[in-house]
């Protein structure tokens, strides 16, 4: 097995680890539920459009914040975001760990 294959195999192990976490699995389940909920998807799309308008035309932030708060008060959406945040934290941790490791190894001989 060459070095590239070994590296890719190790990366696959990390990916498998993340995919097997409760939070990742829950994010996938909740995303499917959200996608199948037309009312919720309409609210999400409305907020996205308002965010784009806010950036482009500087619409009133108060109305946008109100819509975001309404969206965040929907339990399934809130749980989705909490779990997604945990998954992203794990990814960030792995990224930081690898960066630190590479810096240490590459700077070892200096």
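Every number in this text was worked out from the coordinates using simple rules, so none of it is lab data. Model, not experiment: these values are computed from the prediction. Quick reminder, even Gly has a Cβ in these numbers, built from the backbone with ideal geometry, and neighbours come from all protein chains shown.
Summary table
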item	result
Euclidean distance of C-alpha centroids, segment 3-21 and segment 51-110, integer Å	23
Reported label for calculated semi-axes √(5λ) of the Cα gyration tensor in Å given [x] 34, 14, 12; [y] 38, 20, 12; [z] 20, 19, 12	[y]
Gain in span if fully extended, residue 82 to residue 8, counting 0.36 nm per residue against the direct Cα distance	23.7 nm
Overall form of segment 47-108 per C-alpha gyration tensor (a/c, 1.5; a/b vs b/c)	oblate
Pair residue 63, residue 104: separation of 7 Å Cα→Cβ label points (nm)	5.3
Rounded, prolate or oblate (a/c below 1.5 giving rounded, otherwise prolate when a/b exceeds b/c) for segment 1-51 by Cα gyration tensor	prolate
